[in-house]
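S.K.: Below: one structure in structure tokens.
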Amino acid sequence: MGIFGKFGKKAKDAEKVKDAEKVKDAEKVKDAEKGKKVKDAEGEETSLDEGLKKTKMSIFDKLSHAIVGKSVVDDEVLDSIEEALISSDIGVETTQNIIERLEARVARDKYLSTEELNRILCEEIEDLLDAAGNSHVEPFDFSKKPYVIMAVGVNGVGKTTTIGKLAAQLKNEGKKVILGAADTFRAAAVDQLVIWSERAGVDIVKQEMGSDPASVAYDAVKSAVAKNADVVIIDTAGRLHNKVNLMNELTKIRNVMRKVVPDAPHEVLLIIDGSTGQNGFLQAKEFTKATDVTALAVTKLDGTAKGGVVIGISDQFHIPVKFIGIGEKIEDLKLFDKKEFIESLFK
Ligand SMILES: Nc1nc2c(ncn2[C@@H]2O[C@H](COP(=O)(O)OP(=O)(O)OP(=O)(O)O)[C@@H](O)[C@H]2O)c(=O)[nH]1
Ligand SMILES: [Mg+2]
């Protein structure tokens, strides 16, 4: 099945059950906030080290094997590092970029000890992410008012959840946020976003299921202007009847929003599920064809050893990563800081 999926009846039934579960999940979290005990939403905010634990352990393990018994970085070590990086879901091309950089370092420094390897790997990967536009600045330009964000991505990757977390965090920072429920394709999608809007304490613009997504997006941007909001975030459908429809719809949503705010959307945020590893590359490829993706959010990095995709996708598509999701709590959506991220994985 293609990544945009064609669904038979059976799959649809399974989807319905999943939808119901999603709304239940969101409700559970809401209940938790009202003081009832719910396991998922409890506890401390996840630290970066904790969230990336599985990827870190996997990379550490593989790199340790690559240099075991070796004091100098030679061709054999480089080969083993290459293998280690590829099997950490960084991707073949990005791994080759990294290896070429290491080779250049080895040639230049003549004697490169394996003890220095981690530091040098970190430096080179940081450089690579720099080149992909991951400079450490404010994620959004709030001088544009309203700042229009359109969230796109395949179904189930965490679009709505990421929007909810982002809305809550922005609201906490004192921003006025409006959500637009432009996923009118899936039955429970609007309800799910409504729950998030209540949870975050922000306004939402919606119509009933099946209505025109572009019309919802238009209303949302219009309402943001009227209410003098700082940010408007548009949720979009992850799947339509086919890929062409999806591309056309994203274009239509864009065009319609521009009637209200001529340079909208200011950000097209592609959400990718980090736990799907290499499949994330395919998704990035499809969506960059369909629309001008300006930034990435990589979710579900907790509980996966495939976190290397963050580096690979950003490098391959030259798109900055702005957020990473490392858990289900509101605080578990983190601004991506390349230095912190790399250090957490390699040190
Ligand atoms: N562990 C973990 N789960 C996450 C993270 N982000 C999202 N999820 C979960 O992923 C599931 C799907 O998230 P949604 O936000 O509904 O995904 P979506 O892309 O909006 O899906 P559709 O509306 O069907 O296209 C939910 O159960 C979320 O709780 C994360 O960073 N970590
Ligand atoms: Mg959704």
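S.K.: Those residues that are under 18 Å from ASP292 (Cα atoms) and surrounded by fewer than 16 Cβ atoms within 10 Å (Cβ to Cβ), I need them from region 209-251; list them, please.
M.R.: VAL244, ASN245, ASN248, THR251
S.K.: Can you name the condition, by its number, that VAL261 falls short on among (1) free of Cβ contacts under 8 Å to residues at least 60 places away in the same chain; (2) surrounded by fewer than 22 Cβ atoms within 10 Å (Cβ to Cβ); (3) more than 30 Å from GLY308 (Cβ to Cβ); (4) of a type outside the set (D, E, K, R)?
M.R.: (1)
S.K.: Within region 167-179, does at least one residue satisfy the condition of being closer than 25 Å to ILE342 by Cα, away from ligand 2 (no atom under 16 Å from the Cβ) and in contact with a helix residue (DSSP H, G or I) (Cβ under 6 Å, 6 or more places away or on another chain)?
M.R.: no
S.K.: Here's another thing I want to ask about it. Applying the selection to region 286-313, what residues are touching a Leu at 6+ places or on another chain (Cβ under 7 Å) and surrounded by fewer than 23 Cβ atoms within 10 Å (Cβ to Cβ)?
M.R.: ALA290, THR291, VAL293, ALA295
S.K.: Right, something else. So which residues in region 180-203 are part of a helix (DSSP H, G or I) and either touching a helix residue (DSSP H, G or I) at 6+ places or on another chain (Cβ under 8 Å) or of a type in the set (D, E, K, R) (or both), if there are any at all? Spell out the reasoning first.
M.R.: Taking region 180-203 as the starting set, the residues that turn out to be part of a helix (DSSP H, G or I) are 189-200.
Residues satisfying the conditions are ALA189, ASP191, GLN192, LEU193, ILE195, TRP196, SER197, GLU198, ARG199, ALA200.
S.K.: On the given criteria, is ASP273 touching a residue at least 24 places away in the same chain (Cβ under 8 Å), surrounded by fewer than 19 Cβ atoms within 10 Å (Cβ to Cβ) and of a type in the set (D, E, K, R)? Steps first, answer last, please.
M.R.: Details: touching a residue at least 24 places away in the same chain (Cβ under 8 Å): yes; surrounded by fewer than 19 Cβ atoms within 10 Å (Cβ to Cβ): no; of a type in the set (D, E, K, R): yes.
Considered against the rule, which asks whether it is touching a residue at least 24 places away in the same chain (Cβ under 8 Å), surrounded by fewer than 19 Cβ atoms within 10 Å (Cβ to Cβ) and of a type in the set (D, E, K, R), ASP273 comes out as no.
S.K.: Hey, another quick one. Quick test for you: out of ASP315, ASP332, pick the one residue that is at pLDDT 95 or above, within 15 Å of ligand 1 (Cβ to nearest atom) and in contact with a helix residue (DSSP H, G or I) (Cβ under 8 Å, 6 or more places away or on another chain). Explain how you work it out, then say what you get.
M.R.: On the way: ASP315 fails: within 15 Å of ligand 1 (Cβ to nearest atom).
When all the criteria are applied, what remains is ASP332.
S.K.: Further question: Name the strands (runs of 3 or more DSSP E) wholly within region 204-307 that hold at least 1 residues that are farther than 16 Å from GLY156 by Cα and charged (D, E, K, R)?
M.R.: On the way: elements: 231-236, 267-273, 295-299.
Per the criteria, 267-273.
S.K.: Kindly provide the set of residues from region 54-73 that are without any contact (Cβ under 8 Å) to a residue 24 or more places away in the chain and not in a helix (DSSP H, G or I), ordered by number.
M.R.: Passing the criteria: VAL68, GLY69.
S.K.: Looking at region 144-163, which of its residues are on the phi < 0 side of the Ramachandran plot and either assigned to a helix (DSSP H, G or I) or within 12 Å of ligand 1 (Cβ to nearest atom) (or both)? It would help to see each step written out before you state the result.
M.R.: Taking region 144-163 and keeping what is on the phi < 0 side of the Ramachandran plot, we get 144-152, 154-155, 157, 159-163.
Result: ALA151, VAL152, VAL154, ASN155, VAL157, LYS159, THR160, THR161, THR162, ILE163.
S.K.: Separate question: Report, ordered by the first and then the second residue, all pairs with beta carbons closer than 7 Å, sequence separation of six or more or different chains, a first member in region 217-238 that is over 10 Å from ILE178 (Cβ atoms), and a second member that is of a type in the set (S, T, N, Q).
M.R.: ASP235/THR160; GLY238/ASN155
S.K.: Say whether the condition of being more than 16 Å from ligand 2 (Cβ to nearest atom), among the hydroxyl-bearing types (Ser, Thr, Tyr) and in contact with a helix residue (DSSP H, G or I) (Cβ under 7 Å, 6 or more places away or on another chain) is met by at least one residue in region 227-237.
M.R.: Here is the first cut: in region 227-237, the residues more than 16 Å from ligand 2 (Cβ to nearest atom) are 227-232.
Now narrow it down to the ones that are among the hydroxyl-bearing types (Ser, Thr, Tyr): none.
No, every residue in region 227-237 fails to be more than 16 Å from ligand 2 (Cβ to nearest atom), among the hydroxyl-bearing types (Ser, Thr, Tyr) and in contact with a helix residue (DSSP H, G or I) (Cβ under 7 Å, 6 or more places away or on another chain).
S.K.: Related question: Could you go through region 84-92 and let me know if any residue there is touching a Phe, Trp or Tyr at 6+ places or on another chain (Cβ under 7 Å) and outside any helix (DSSP H, G or I). Explain how you work it out, then say what you get.
M.R.: Our first condition is that a residue be touching a Phe, Trp or Tyr at 6+ places or on another chain (Cβ under 7 Å); within region 84-92, this holds for 91.
From what is left, the residues that are outside any helix (DSSP H, G or I) are 91.
Yes - at least one qualifying residue is present in region 84-92.
S.K.: On to the next question. Report, by residue number, each residue of region 107-143 that is outside any helix (DSSP H, G or I), at pLDDT 90 or above and under 23 Å from the mean Cα position of the chain (by Cα).
M.R.: First, pick out the residues of region 107-143 that are outside any helix (DSSP H, G or I): 110-113, 132-143.
Adding the requirement that they be at pLDDT 90 or above leaves 132-134, 140-143.
Listed by number, the residues that qualify are ALA132, GLY133, ASN134, PHE140, ASP141, PHE142.
S.K.: Which residue out of THR251, THR276 is modelled with pLDDT under 95, under 26 Å from ILE330 (Cβ atoms) and among the β-branched types (Val, Ile, Thr)? Step through it out loud before you land on a result.
M.R.: Details: THR251 fails: under 26 Å from ILE330 (Cβ atoms).
Exactly one of THR251, THR276 is modelled with pLDDT under 95, under 26 Å from ILE330 (Cβ atoms) and among the β-branched types (Val, Ile, Thr), namely THR276.
S.K.: Filter region 147-161 down to residues that are within 9 Å of ligand 2 (Cβ to nearest atom) and among the aliphatic types (A, V, I, L, M) and give me whichever is farthest from THR291 (Cα to Cα).
M.R.: VAL157
S.K.: Here's another thing I want to ask about it. Please specify each residue of region 171-196 satisfying the condition of being surrounded by fewer than 22 Cβ atoms within 10 Å (Cβ to Cβ) and closer than 15 Å to VAL232 by Cβ.
M.R.: Listed by number, the residues that qualify are LYS171, LYS175, LYS176.
S.K.: Right, something else. Within region 164-207, take every residue that is of a type in the set (Lys, Arg) and within 11 Å of ligand 1 (Cβ to nearest atom) and give me the one that is farthest from the chain's Cα centre (by Cα). Can you show your working first?
M.R.: If we filter region 164-207 for residues that are of a type in the set (Lys, Arg), which is where we start, we get 165, 171, 175-176, 186, 199, 206.
Cutting the leftovers down to within 11 Å of ligand 1 (Cβ to nearest atom) gives us 165, 186.
Values: LYS165: 12, ARG186: 21 Å.
Restricting to residues being of a type in the set (Lys, Arg) and within 11 Å of ligand 1 (Cβ to nearest atom), the top hit is ARG186.
S.K.: Could you please let me know if ASP183 is within 16 Å of ligand 2 (Cβ to nearest atom) and without any contact (Cβ under 8 Å) to a residue 60 or more places away in the chain?
M.R.: Values: within 16 Å of ligand 2 (Cβ to nearest atom): yes; without any contact (Cβ under 8 Å) to a residue 60 or more places away in the chain: yes.
Against the criterion (within 16 Å of ligand 2 (Cβ to nearest atom) and without any contact (Cβ under 8 Å) to a residue 60 or more places away in the chain), ASP183 qualifies.
The values are calculated or read from the model by the stated rules, or taken from the named source; none is laboratory data. Not measured: the values here are computed from a predicted model. Cβ atoms come from the backbone with ideal geometry, glycine included; neighbour counts cover every protein chain shown.
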